[in-house]
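Trainee: The structure is given below, and queries will be raised subsequently.
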There are 4 protein chains.
Amino acid sequence: MGRKQLYAESELLDVTKRLVLNHGYDGFHLKMLSQHLPGARSTIYQYYANKEEIVAACMKRVISNVYEKVSAVDETDPMSALQEVLTIYVEESKLHQLLGDANKINTNNSEAAARDLAFIEKVHADLKVQLTRLIGRAQQEGKLRKEVPLPVLVGTFFNLFNTPNMLNAPALQWSQMLFDMWVGGSGQ
Amino acid sequence: MGRKQLYAESELLDVTKRLVLNHGYDGFHLKMLSQHLPGARSTIYQYYANKEEIVAACMKRVISNVYEKVSAVDETDPMSALQEVLTIYVEESKLHQLLGDANKINTNNSEAAARDLAFIEKVHADLKVQLTRLIGRAQQEGKLRKEVPLPVLVGTFFNLFNTPNMLNAPALQWSQMLFDMWVGGSGQ
Amino acid sequence: MGRKQLYAESELLDVTKRLVLNHGYDGFHLKMLSQHLPGARSTIYQYYANKEEIVAACMKRVISNVYEKVSAVDETDPMSALQEVLTIYVEESKLHQLLGDANKINTNNSEAAARDLAFIEKVHADLKVQLTRLIGRAQQEGKLRKEVPLPVLVGTFFNLFNTPNMLNAPALQWSQMLFDMWVGGSGQ
Amino acid sequence: MGRKQLYAESELLDVTKRLVLNHGYDGFHLKMLSQHLPGARSTIYQYYANKEEIVAACMKRVISNVYEKVSAVDETDPMSALQEVLTIYVEESKLHQLLGDANKINTNNSEAAARDLAFIEKVHADLKVQLTRLIGRAQQEGKLRKEVPLPVLVGTFFNLFNTPNMLNAPALQWSQMLFDMWVGGSGQ
DNA sequence: TATGAATGAGGATTCATTCAT
DNA sequence: AATGAATGAATCCTCATTCAT
């Protein structure tokens, strides 16, 4: 019964992701969003109650997706696990940029947004924990320099995937190159 | 001679820089700016014709400053020059974040903003050229791995100073640590 | 310095009072308000942050005014005090209708509105207390029927001034007529 | 033949009455109404063409109901007739409050609402006529004070049933108490 | 008949900018 | 030069109503 939907919720979130990445949280408007979707602006409110909920849902979906993939990685060997994890992050390389806007979301108006944000923060912390665990183990096993403080190793690793992919290499190849440089360094 | 000015232009730009970094270009309002300065909101228009010009002038000043320091570096030995340059960038580590907002500035309303933006882009390109030159020479001199494509070396170097300084180390020390890891890698 | 104001805050509240009485809280719009004032709609926001604050301030002013007058009444003789108090209420006969909308004001968005509302409720309670005290004393002194429960006496008195003034009698005369009927009844 | 109706028209009007009383005409929404009924919001349009018609029909039903009961009262003795009439009004004590919103209904869009409103006004006038007739006769018969102008007697009587029933007495008892006070007054 | 989806009109609010003192 | 007041454009959001299944 009822009419056919003009677009699916997931399409809405896809477009939102693209626009928030291009324009930032404050530069993202529902007018803009509706211009990139069929139908009228007010139709968007059939899906989400307000701007905050849209962006929160979008971020939640992105980070959930990463979390799922990353949780499936076999951690037996920490170094190859790190390589695999890096590939996943490289594929979703804008994750950090997106999450950087998370704290701008005003959750006073919306329960749902508040819940999504709490979830996002939880998962974000979990991801850091996993990385710290893997890097710590690799260090223990003598694969990584012991004199470098763990937070620094984690920080440089986490920052790695922001590197602009100037060669436009495919994700896997690019991630291997980055990992290789992270481990081996640029020096001769 | 009229009244004394309420504040210097440089104060205005200092506050602007801080606020744009904290809130992003679209999250930055003149109301906000005036609340962090003495005097009324409308007084700001005695200094700059519009919001765009303020932010453009702010960015111009920051990048000019970096450019000046970086131009003064002795390039005789490329590796130590790179280390010195990195220190300068680390001191102004938010440079990239700030410049990331540059493309949001609408230059249709303002000649001055357009001119500033052109300048910013020019200097930005010059900085990359300098870095590419230094890294290229270091590679030639056998200090950096020859099989790594130059753009990748430049990219990872340029991305280096976005690494969050989790230890809150002083700039010089932090820059040395980052350089050491960039050259030597994290691996044992 | 600065321009001359188009209207005073008190004018704004006067118009608001009239409009809220005619159209009810939900029927009252800022568009409507601005159409009854000089200047643009957005100018209203120079005076109050939002609709809620306007209506709360309006109600606060009305009830404060009544409270002030009523507090000045000499309570030595409860019956003549009641007559005086009634005259004051009759002059501001729409008080109850106005306060009836007070509970519709959403105070989540506004500190100021919440404060004003709390004040309104406090004063409202004080007014009831005063009335109860006067009527109680009159009852004690044998001026009012002892077998009628005090709340009923208070209720009928408080309801008295909602009676439509069909004769358009002047306030004092009308209030005396109502008081006479309240005390003596309609019966022969 | 066809589906069974989700709910009866009278249920719809019952809920409408309750909601209009609680929230006022402008605070009453079809969304709200549908949330207190089974089925979807759009289903309401199977019963009534628009919001105006719903509220008009609701008010018409309420006032018709009162009119019917009040018409059945034996008017032989005006005083006991008045007492009986008062009981009926007390049972439907929110009548005035409801009718107070009648003038807010915009009848430009709807014939039916216009017709209902005309009916309401007619009956409202009839009710006043009946009351005036009864009170006039009681006055003639020497049961009510002759020096009090008839409109004042009618006005105070009509206003009587707005008195808040603070004791939560049953309707009959409450109405007797009010009548007693209206006739005999509060005084000793 | 029932309904989920779509929509446009309308009101709230913010903010850059201009005006007038 | 400084500023308080005024404003219009732009965004957010809600709601009555219509559409299409």
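The values are calculated or read from the model by the stated rules, or taken from the named source; none is laboratory data. Given the structure is predicted, the values throughout are model-derived calculations rather than measurements. Ideal geometry is used to build each Cβ from the backbone, glycine not excepted, and the neighbour counts take in all protein chains shown.
Trainee: Need the failing condition index for D:Thr163 against (1) surrounded by fewer than 18 Cβ atoms within 10 Å (Cβ to Cβ); (2) in contact with a Leu (Cβ under 8 Å, 6 or more places away or on another chain); (3) facing chain C (nearest Cβ under 8 Å); (4) outside any helix (DSSP H, G or I), just the number.
Mentor: All conditions pass for D:Thr163, except number (1).
Trainee: Is it the case, given these coordinates, that B:Glu52 is away from DNA strand F (no atom under 12 Å from the Cβ) and within 28 Å of C:Arg3 (Cβ to Cβ)?
Mentor: Answer is yes for this residue.
Trainee: Which pairs turn up if I take residues in segment C:66-89 that are within 15 Å of C:Gln173 (Cα to Cα) and look for partners that are in a loop (DSSP other than H, G, I, E, B) and among the hydrophobic types (A, V, I, L, M, F, W, C) with beta carbon separation below 6 Å, at least 6 apart in sequence or on another chain?
Mentor: Pairs found: C:Glu84/C:Val73; C:Val85/C:Val73; C:Tyr89/C:Phe161.
Trainee: Ok, one more. Can you tell me which residue is surrounded by the most Cβ atoms within 10 Å (Cβ to Cβ) among those in segment D:15-58 that are small (Gly, Ala, Ser) and within 11 Å of another protein chain (Cβ to nearest Cβ)?
Mentor: If we take residues in segment D:15-58 being small (Gly, Ala, Ser) and within 11 Å of another protein chain (Cβ to nearest Cβ), then D:Gly24 is surrounded by the most Cβ atoms within 10 Å (Cβ to Cβ).
Trainee: Still on this structure, I have one more. For segment C:150-182, give me the residue count where each residue is over 22 Å from D:Asn165 (Cβ atoms) and of a type outside the set (Phe, Trp, Tyr).
Mentor: Of the residues in segment C:150-182, 13 are over 22 Å from D:Asn165 (Cβ atoms) and of a type outside the set (Phe, Trp, Tyr).
Trainee: If a residue has to be surrounded by 17 or more Cβ atoms within 10 Å (Cβ to Cβ) and not in a helix (DSSP H, G or I) to count, how many in segment C:95-111 make the cut?
Mentor: 3
Trainee: Oh, and also: Filter segment C:166-182 for residues that are surrounded by fewer than 20 Cβ atoms within 10 Å (Cβ to Cβ) and either of a type in the set (Ser, Thr, Tyr) or free of Cβ contacts under 8 Å to residues at least 60 places away in the same chain (or both) and give the result.
Mentor: Selection gives C:Met166, C:Leu167, C:Asn168, C:Ala169, C:Pro170, C:Gln173, C:Met177, C:Asp180.
Trainee: Looking at (1) surrounded by fewer than 14 Cβ atoms within 10 Å (Cβ to Cβ); (2) away from chain D (no Cβ under 12 Å); (3) of a type in the set (A, V, I, L, M), which is the one condition that is false for C:Val85?
Mentor: Evaluating C:Val85 over (1) surrounded by fewer than 14 Cβ atoms within 10 Å (Cβ to Cβ); (2) away from chain D (no Cβ under 12 Å); (3) of a type in the set (A, V, I, L, M) leaves (1) as the failure.
Trainee: Determine which member of the set D:Gly142, D:Gly136, D:Gly187 is over 28 Å from C:Pro170 (Cβ atoms) and more than 20 Å from the chain's Cα centre (by Cα).
Mentor: Only one candidate passes the filter, namely D:Gly142.
Trainee: For segment C:1-92, which fully contained helices (runs of 4 or more DSSP H) count at least 1 residues that are at pLDDT 95 or above and within 10 Å of DNA strand E (Cβ to nearest atom)?
Mentor: The helices (runs of 4 or more DSSP H) meeting that bar are C:9-27, C:30-35, C:51-71.
Trainee: Mind listing whichever residues of segment C:59-82 are surrounded by 15 or more Cβ atoms within 10 Å (Cβ to Cβ) and under 17 Å from C:Leu117 (Cβ atoms)?
Mentor: C:Met59, C:Lys60, C:Arg61, C:Val62, C:Ile63, C:Val66, C:Tyr67
Trainee: Could you grab me the full set of residues in segment A:159-171 that are of a type in the set (A, V, I, L, M) and under 17 Å from the mean Cα position of the chain (by Cα)?
Mentor: Answer for segment A:159-171, where residues must be of a type in the set (A, V, I, L, M) and under 17 Å from the mean Cα position of the chain (by Cα): A:Leu160, A:Ala171.
Residues are listed down the side, and each one gets a yes or a no for (1) within 14 Å of chain C (Cβ to nearest Cβ); (2) in contact (Cβ under 8 Å) with a residue 40 or more places away in the chain; (3) within 29 Å of D:Lys51 (Cβ to Cβ):
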| residue | (1), (2), (3) |
| --- | --- |
| D:Leu99 | yes, yes, yes |
| D:Pro151 | yes, no, no |
| D:Val154 | yes, no, no |
| D:Phe157 | yes, yes, no |
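Trainee: Go through D:Lys4, D:Lys60 for me and flag whichever is more than 16 Å from DNA strand F (Cβ to nearest atom), among the charged types (D, E, K, R) and within 24 Å of D:Tyr89 (Cα to Cα).
Mentor: That would be D:Lys60, the only listed residue that is more than 16 Å from DNA strand F (Cβ to nearest atom), among the charged types (D, E, K, R) and within 24 Å of D:Tyr89 (Cα to Cα).
Trainee: Would you say B:Glu91 is out of contact with any Lys or Arg (no Cβ under 9 Å at 6 or more places or on another chain), acidic (Asp, Glu) and away from every other protein chain (no Cβ under 14 Å)?
Mentor: no
Trainee: In segment D:112-144, how many residues are in a helix (DSSP H, G or I), within 13 Å of another protein chain (Cβ to nearest Cβ) and touching a residue at least 12 places away in the same chain (Cβ under 8 Å)?
Mentor: 8
Trainee: Filter segment C:136-158 down to the residues that are exposed (fewer than 15 other Cβ atoms within 10 Å of the Cβ) and touching a Lys or Arg at 6+ places or on another chain (Cβ under 9 Å) and list them by number.
Mentor: Once the filter is applied, which keeps residues that are exposed (fewer than 15 other Cβ atoms within 10 Å of the Cβ) and touching a Lys or Arg at 6+ places or on another chain (Cβ under 9 Å), segment C:136-158 yields only C:Gln140.
Rundown of residues vs (1) more than 7 Å from DNA strand F (Cβ to nearest atom); (2) within 22 Å of the chain's Cα centre (by Cα); (3) of a type outside the set (Ser, Thr, Tyr), yes/no style:
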| position | (1), (2), (3) |
| --- | --- |
| B:Glu9 | yes, yes, yes |
| B:Thr16 | yes, yes, no |
| B:Leu19 | yes, yes, yes |
| B:Asn22 | yes, yes, yes |
| B:Phe28 | yes, yes, yes |
| B:Lys31 | yes, no, yes |
| B:Tyr47 | yes, no, no |
